[in-house]
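Presented below is the structure to which this report refers.
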Amino acid sequence: MKILFLHGWHSVVGGVKPTYLKDAGHIVINPSLDDDDFEAAVRTAQAEYNRHSPDVIVGSSRGGAVAVNMQSADTPMVLLCPAWQNWGTANTVKPNTIILHSRKDDVIPFANSEELVANSNLVPESLIAVGNDHRLADPAPLQAMLKACEDLT
């Protein structure tokens, strides 16, 4: 499977989450997104999406906001603690979206993801509470991310 992984604000390319997906045998496109210019980050992500036609898009925190503000047709998305209220203008996601979020997230409130699910008329099961913090870099959230990607494709 080909995955476009969009990292969070001040995160690094090749971090724990994209490496986990790569180590599971998937092709991971992990572009460096501009931390200061949101529209530039969206343009970079859009160009990579257009170039590679991924099977799924994973967006972590600010990368989740980038993902929902792109033109990605019906490509499934897995959003990790998406910071959609902080950046961009999108306030809904498409039906084939799974959101992973920790109830203990001290950066992006869990309630933001509940609101996104409600705004988008997604089934409640589209939001999976997992992990102990915003990073979602422990074994359980990493496994849940991989499973969500595989379930959507």
Worksheet entry | Model label zone, K147; criterion: amide N under 20 Å from point 7 Å along Cα-to-beta-carbon; scope the stretch 17-37 | 17-26
Worksheet entry | 3J(HN,Hα) from dihedral phi, the stretch 8-21, Karplus parametrisation 6.51/-1.76/1.60, rounded to Hz, x for glycine, proline | x, 5, 6, 8, 9, 5, x, x, 4, 5, x, 5, 4, 5
Discussion item. Using the Cα centre of the stretch 2-152 as the reference point, and only Cβ charges (+1 on K/R, -1 on D/E), how large is the resulting charge dipole? Debye, rounded to the nearest 20.
Written reply: 240 debye
Fill in: Table column - 3J(HN,Hα) (Hz), the stretch 70-76, Karplus curve with 6.51, -1.76, 1.60, x for Gly and Pro
8, 9, 10, 6, 9, 5, x
Practice prompt. Order the peptides 142-149, 100-107, 79-86 from the highest to the lowest mean number of other Cβ atoms within 10 Å of their residues.
Written response: 79-86, 142-149, 100-107
Response to the item:
Stokes-Einstein D for the stretch 14-107 (20 °C, 1.002 mPa s, Kirkwood Rh from Cα pairs), in µm²/s, comes to 158 µm²/s
Fill in: the chain - mean residue ellipticity at 222 nm from DSSP helices (-39,500 (n - 2.57) per run, n ≥ 4, rounded to 500)
-10500 deg cm²/dmol
Worksheet, complete the sentence: Fewest to most Cβ atoms within 10 Å: T44, T19 sort as T19, T44
Worksheet entry | Convex hull of Cα atoms in the stretch 73-133, direction-averaged projection (nm²) | 3.9 nm²
Worksheet, complete the sentence: Cα-based Rg/(2.2 N^0.38 Å) for the stretch 49-153, rounded to two decimals, is 0.96
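Here, each number is a calculation from the coordinates, and none is a lab measurement. None of the values given here were measured: they were computed from a predicted structure. Ideal geometry is used to build each Cβ from the backbone, glycine not excepted, and the neighbour counts take in all protein chains shown.
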